[in-house]
Amino acid sequence: MFYREAGQFKTTYIADQELFPVKQDRWGILLIIGFSFIVIPLIANDYWLQAILIPFLIFSLAAIGLNILTGYAGQLSLGTGGFMAVGAYSCYKLITIFPETNVILLILVSGFFSAGIGLIFGIPSLKIKGFYLAVATLAAQFFFEWLFGRVKWFYNYNDSGAIEVPVRNFFNIAVTGPIATAQTRYVVVLCIVTILALIAVNIVRGRIGRAWMAIRDMDIAAELIGIRPLTTKLIAFAISSYYAGVAGALFVFTYLGSAEVEVFDINISFEILFMIIIGGLGSISGAFLGAAFIVLIPILITNLPRMLGIPINAATVEHFNFMILGALIVLFLIFEPHGLARIWSIMREKLRVWPFPY
Amino acid sequence: MIFIQPFFDMVDDPVLFLQVIWEGFVTGILYSLIAFGFVLIFKASGVFNFAQGIMVVFAALTLVGLHEAGVSAFVALPATILVMYVLAFSVERLVLRSLVNQPDIILFMATIGLTFFLIGFGEFIFGGEPKMMITEELLLPYDSITFFDDMLILQEIDIAASIIAALSLVFLALFLGKTKIGIALRAVADDHQAALSVGVSLNTIWVVVWFLSGVIALITGIMWGAKSDVSFALSIIALKALPVLILGGFTSVRGAIVGGLIIGIGEKIGEFYWGGLVGGSIEGWLAYMIALFFLFFRPQGLFGEKIIERV
Amino acid sequence: MERKIGEKLLGVEHISLSFGGVKALTDISFDIREKEVFAIIGPNGAGKTSMLNVINGFYHPQQGEIHFKGLHRKQMRPHEAAVQGIARTFQNVALFKGMSTLNNIMAGRNLKMKTNLFWQALYYGPARKEEMKNREYVEDIIDFLEIQAIRRTPVGKLPYGLQKRVELGRALAMDPELLLLDEPMAGMNIEEKQDMCRFILDINEQYGTTIVLIEHDMGVVMDLSERLIVLDYGQKIAEGTPDEIRGNQAVIDAYLGVAHTN
């Protein structure tokens, strides 16, 4: 009976509106944040940081972005990869043009380029809905895949066609490039993702979040109560693309180290869509849950047979990855379309009366 | 400016222009076939089944796989149709039916998940390497005919593909429009309850739908596979069906044909005459931009039904 | 408490509306005065909902004009109608099914909430102050409509009668001058209807809101409204006070045997 709320009454609306009204939740979150910032950099090994935690955080950020657009505002987008690419390549050009400027600043600025592109591709959303809009976002996806692969200026005329991340420092500590340590990169990503996630949570619980959900649920009714559909959708596109852009920049600069445009192809768009479906549409915490799930599944599939002593080759792992992912998506949509976030809150409900289920 | 130049090039060398249009026409007809697969399922169940694309690949792979396993080509054909029938049946029963009351966006995402599953499953069974379509064994021609002193080259397989595809589309259009079963199918698409109440047997309809979708997937798979290899890259081509459907609407056979031709020819002309000016290979996205452009003027597609929202 | 009926608030002038070949409304004219409760009645399909849709900008009439607060206009976008102070509820409850009661009603306050994106992102500061101020306003409405217990329930899970009450709350949150109610009592039992009547009367008396009501229950109509018009096949066949309408032969004929009182 450690998870009871009895006795925690809210006497002001401010208190009721707080992010974590239940005291145990508040402690839980502070614990997780403290652990992430302090303990993990000290104890985690490079493999965990490089292969699991950093991509997990970056994907969470992209998933938050897509969740804002698709989960909250109800605008299906299959172009996340394209917007991430815009962020990554803007960042690359920015550091080429401004080699002295702080790289973290440039990463945050590159998001604005994505936001601008997002706005442009969001304009059709006034007249076009549902699948049709999804196909418009596919236009963005394929166009940017082409642009950053073919127009040489974007990758500084490299022979390889790839962009390489140079060393950049932040107060004399290497933050990007081959010599930057996993710990440093992890802390940078953690800080950026935490702040942006907090901002997302704030926006979503205020008037803009409600406007998005209204548009998603019934845009005619939303218009009739005074919400402007086009403005609301455009804001969703802009903010969502900003997050995708920053995620894209981080993806190349703090995770991959070098990249060709293919890393941002349609598969990544689908992956992130799957993250928000599994994690829970319309939930910021769901974005994290979904990202964790999808980052961990391939690792599990690779390692589990090995641990059990069953030989399995890399190609088969890939095949099973696709199969399990696809099956999970269908299963989640059939049985729990609100994803892991809903499963988690159901568990918390049960926890409230544990160990007395009646 | 240099972007106007291509127009002059077209006039300068009309035979070349014709060649490009021919190529576009062939591609376009095949797009229409793929699109028709989507239209059929959408008409029957109201679901936009993204996985239709992968079905085409599956059909082609099954055919080739059976042949490799020693089955003769003309036995492998009906065998593949049977396999596709079972596949379509399973998809409808297991996935589509369970999501009957969910909003469209959920259904669409489920079919995306299904596609991923089938890609993994297919690669697992058939292996990931590209395969050759058994065109010879199917008695399809592989020579070419030339006109205008060898300036205009038409591959016989392309001619065959176009004829087969066109015939299929005409047949299907007539089937849906004129026969009893076809009309019943449209009734079911409109309103299940009403159709039931006038005596339409849902089960018969579904059997017809599964069978048809299997046949279409197979024909499409053979034709596409004959032009390029049989591999999972084909599913990207299936994505091209989306702009076609946007132009043509999700429920119109005529639309699928017109949409397919517009996209196919438009793409080829765009790529050939303008592509080089901007770096080449614009076929990847040109179709989507064309569709987007049309959507601005008719958000429901050229042939789609106007969506009237009642409050 | 004396309801002071004021000047003309809304003027409907010679409105004609058709869809393709079907004429939904033919040359309808009437006035609505400030603070009155006005009813539109008529058999099914008479065009009552279409009339409301024209008033709040959802349908655009082929002929005629609407006067509202001194402004003439032929067409208004629904968003503008909301800004001008017109709110409405719908026959088939147009609530945001994915949101809670509280959020639905708070959504009605969106028009009045102005803090920009930067403060929203921060939350602490002006955004929170505005949020709390509007939360208080909405809580007053929740108290008024007696729906405290279902504050956090997703409205999709609520029974129909409660959904209609939440929808009323959302309309009220817009602080409207003119409230259009499309069959607010449909599908309700006696107690729920009594509650709704009470709410409507209170809204009119306490907030001074002008109300236009479509309703089939004649008892309710006769009790609540001061004046009404009767539509049949898109045409106005009578206008007047409840007593005048009760005895009107044309009206009785139009209804052809439908019970007049409950």
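The values are calculated or read from the model by the stated rules, or taken from the named source; none is laboratory data. Predicted, not measured: the structure shown is a model, and the values here were computed from it. With ideal geometry, Cβ positions are generated from the backbone for all residues, glycine too; neighbour counts draw on all protein chains shown.
Would you confirm whether or not the stretch A:187-208 contains a residue that is among the polar types (S, T, N, Q), buried (at least 18 other Cβ atoms within 10 Å of the Cβ), farther than 28 Å from A:PHE270 by Cβ and under 23 Å from the mean Cα position of the chain (by Cα)?
yes
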Every residue from the stretch A:310-322 that is among the hydroxyl-bearing types (Ser, Thr, Tyr) and more than 14 Å from every other protein chain (Cβ to nearest Cβ): none
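Name the residue that is nearest to the chain's Cα centre (by Cα), counting only residues in the stretch B:290-301 that are in a helix (DSSP H, G or I) and either at pLDDT 80 or above or basic (Lys, Arg) (or both).
Initial filter on the stretch B:290-301 (in a helix (DSSP H, G or I)): B:290-297.
If we keep only those that are either at pLDDT 80 or above or basic (Lys, Arg) (or both) as well, we get B:290-294.
Working: B:ILE290: 18, B:ALA291: 16, B:LEU292: 19, B:PHE293: 21, B:PHE294: 20 Å.
Looking at the filtered set, the residue picked out is B:ALA291.
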Exclusive hit being more than 10 Å from chain C (Cβ to nearest Cβ), in contact (Cβ under 8 Å) with a residue 24 or more places away in the chain, out of contact with any Pro (no Cβ under 7 Å at 6 or more places or on another chain) and in a helix (DSSP H, G or I), set A:ALA139, A:ALA238, A:ALA200: A:ALA139
Qualifying positions in the stretch A:318-337 - surrounded by fewer than 19 Cβ atoms within 10 Å (Cβ to Cβ) and free of Cβ contacts under 8 Å to residues at least 24 places away in the same chain: A:GLU318, A:ALA327, A:LEU331, A:ILE334, A:PHE335, A:GLU336
Has the stretch A:155-169 got at least one residue that is buried (at least 21 other Cβ atoms within 10 Å of the Cβ) and within 14 Å of chain B (Cβ to nearest Cβ)? yes
Name every residue in the stretch C:152-203 that is in contact with a strand residue (DSSP E or B) (Cβ under 8 Å, 6 or more places away or on another chain), β-branched (Val, Ile, Thr) and surrounded by fewer than 18 Cβ atoms within 10 Å (Cβ to Cβ), in order of residue number. C:THR153
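Given the condition crowded, with 21+ Cβ neighbours inside 10 Å and either over 13 Å from C:VAL37 (Cα atoms) or acidic (Asp, Glu) (or both), answer yes or no: does some residue in the stretch C:224-231 qualify? Explain how you work it out, then say what you get.
Residues of the stretch C:224-231 that are crowded, with 21+ Cβ neighbours inside 10 Å, as a first pass: C:224-225, C:228-231.
Checking which are either over 13 Å from C:VAL37 (Cα atoms) or acidic (Asp, Glu) (or both) leaves us with C:230-231.
There is at least one residue in the stretch C:224-231 that is crowded, with 21+ Cβ neighbours inside 10 Å and either over 13 Å from C:VAL37 (Cα atoms) or acidic (Asp, Glu) (or both).
Tell me, please, whether a residue that is away from chain B (no Cβ under 14 Å), outside any strand (DSSP E or B) and modelled with pLDDT under 90 can be found in the stretch A:121-136.
Of the residues in the stretch A:121-136, the ones away from chain B (no Cβ under 14 Å) are none.
The answer is no, given that none of the residues of the stretch A:121-136 is away from chain B (no Cβ under 14 Å), outside any strand (DSSP E or B) and modelled with pLDDT under 90.
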Within the stretch B:265-288, residues within 12 Å of chain A (Cβ to nearest Cβ), surrounded by fewer than 18 Cβ atoms within 10 Å (Cβ to Cβ) and among the hydrophobic types (A, V, I, L, M, F, W, C) come out as B:LEU277, B:VAL278
Regarding A:GLU100, is this residue among the acidic types (Asp, Glu) and either touching a Ser or Thr at 6+ places or on another chain (Cβ under 9 Å) or more than 14 Å from chain B (Cβ to nearest Cβ) (or both)? yes
Tell me which residues, restricted to the stretch A:258-270, are surrounded by fewer than 21 Cβ atoms within 10 Å (Cβ to Cβ) and touching a residue at least 40 places away in the same chain (Cβ under 8 Å). A:SER258, A:GLU260, A:GLU262, A:ASP265, A:ILE266, A:ASN267
I'd like to know if the stretch B:83-96 contains one or more residues that are within 13 Å of chain A (Cβ to nearest Cβ), surrounded by 14 or more Cβ atoms within 10 Å (Cβ to Cβ), among the hydroxyl-bearing types (Ser, Thr, Tyr) and in contact with a helix residue (DSSP H, G or I) (Cβ under 8 Å, 6 or more places away or on another chain). no
Let me spell it out: the conditions are (1) under 30 Å from B:ILE205 (Cα atoms); (2) touching a residue at least 40 places away in the same chain (Cβ under 8 Å), and B:SER98 meets all of them except one. Which number is the exception? (2)
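Check the stretch A:220-233 and report whether any residue there is assigned to a helix (DSSP H, G or I) and away from chain C (no Cβ under 12 Å).
Our first condition is that a residue be assigned to a helix (DSSP H, G or I); within the stretch A:220-233, this holds for A:220-224, A:229-233.
Next cut, away from chain C (no Cβ under 12 Å) only: A:233.
For the stretch A:220-233, residues assigned to a helix (DSSP H, G or I) and away from chain C (no Cβ under 12 Å): present.
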So A:TYR255 ticks every box in (1) among the hydroxyl-bearing types (Ser, Thr, Tyr); (2) in contact (Cβ under 8 Å) with a residue 12 or more places away in the chain; (3) within 14 Å of chain B (Cβ to nearest Cβ) but one. Which box is left unticked? (3)
Counting only helices (runs of 4 or more DSSP H) entirely within the stretch B:173-289, those with at least 3 residues that are under 17 Å from the mean Cα position of the chain (by Cα) are B:202-227, B:234-239, B:241-248, B:253-269
Among the helices (runs of 4 or more DSSP H) confined wholly to the stretch C:145-262, which include 3 or more residues that are within 14 Å of the chain's Cα centre (by Cα) and on the phi < 0 side of the Ramachandran plot? C:160-173, C:190-202
Mind checking whether some residue in the stretch C:17-40 is of a type in the set (Ser, Thr, Tyr), closer than 27 Å to C:ASP217 by Cβ and within 14 Å of another protein chain (Cβ to nearest Cβ)? no
How many residues does the stretch B:114-137 hold that are among the hydrophobic types (A, V, I, L, M, F, W, C), crowded, with 16+ Cβ neighbours inside 10 Å and away from chain A (no Cβ under 14 Å)? 2
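Looking at A:VAL263, is it more than 30 Å from A:LEU331 (Cα to Cα), within 18 Å of the chain's Cα centre (by Cα) and of a type in the set (A, V, I, L, M, F, W, C)?
Numbers: more than 30 Å from A:LEU331 (Cα to Cα): no; within 18 Å of the chain's Cα centre (by Cα): yes; of a type in the set (A, V, I, L, M, F, W, C): yes.
Criteria not met by A:VAL263.
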I'd like to know if the stretch C:139-146 contains one or more residues that are at the interface with chain A (Cβ under 8 Å from one of its Cβ atoms) and modelled with pLDDT of 90 or more. yes
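Would you point out the residue of the stretch A:55-92, among those that are among the hydroxyl-bearing types (Ser, Thr, Tyr) and within 14 Å of another protein chain (Cβ to nearest Cβ), that is surrounded by the most Cβ atoms within 10 Å (Cβ to Cβ)? So that I can check it myself, show each step before the final result.
Within the stretch A:55-92, the first condition is being among the hydroxyl-bearing types (Ser, Thr, Tyr), and the residues that meet it are A:60, A:70, A:72, A:77, A:80, A:89-90, A:92.
Now restrict to residues that are within 14 Å of another protein chain (Cβ to nearest Cβ): A:70, A:72, A:77, A:80.
Details: A:THR70: 27, A:TYR72: 27, A:SER77: 31, A:THR80: 33.
My answer is A:THR80.
Those residues that are of a type in the set (S, T, N, Q) and either part of a helix (DSSP H, G or I) or within 13 Å of another protein chain (Cβ to nearest Cβ) (or both), I need them from the stretch C:47-89; list them, please.
First pass over the stretch C:47-89, keeping only residues of a type in the set (S, T, N, Q): C:49-50, C:53, C:56, C:62-63, C:75, C:84, C:89.
Within the stretch C:47-89, C:THR49, C:SER50, C:ASN53, C:ASN56, C:GLN84, C:THR89 qualify.
Among the residues of the stretch C:90-105, what is the count of those that are in contact (Cβ under 8 Å) with a residue 40 or more places away in the chain and either within 7 Å of another protein chain (Cβ to nearest Cβ) or of a type in the set (Asp, Glu) (or both)?
Within the stretch C:90-105, the subset in contact (Cβ under 8 Å) with a residue 40 or more places away in the chain is C:90-91, C:93-102, C:104-105.
Subsequent filtering for residues that are either within 7 Å of another protein chain (Cβ to nearest Cβ) or of a type in the set (Asp, Glu) (or both) retains C:90, C:94, C:96-99.
Going through the stretch C:90-105 one residue at a time, the tally reaches 6.
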Among the listed residues C:GLY85, C:GLY98, which satisfies the condition of being within 15 Å of the chain's Cα centre (by Cα) and surrounded by fewer than 23 Cβ atoms within 10 Å (Cβ to Cβ)? C:GLY85
Answer from A:VAL193, A:VAL246 - the residue that is under 16 Å from A:ALA115 (Cβ atoms) and at pLDDT 90 or above: A:VAL246
I'm told A:MET307 meets every condition in (1) facing another protein chain (nearest Cβ under 10 Å); (2) farther than 21 Å from A:THR70 by Cα except one. Can you identify the failing condition by its number? (1)
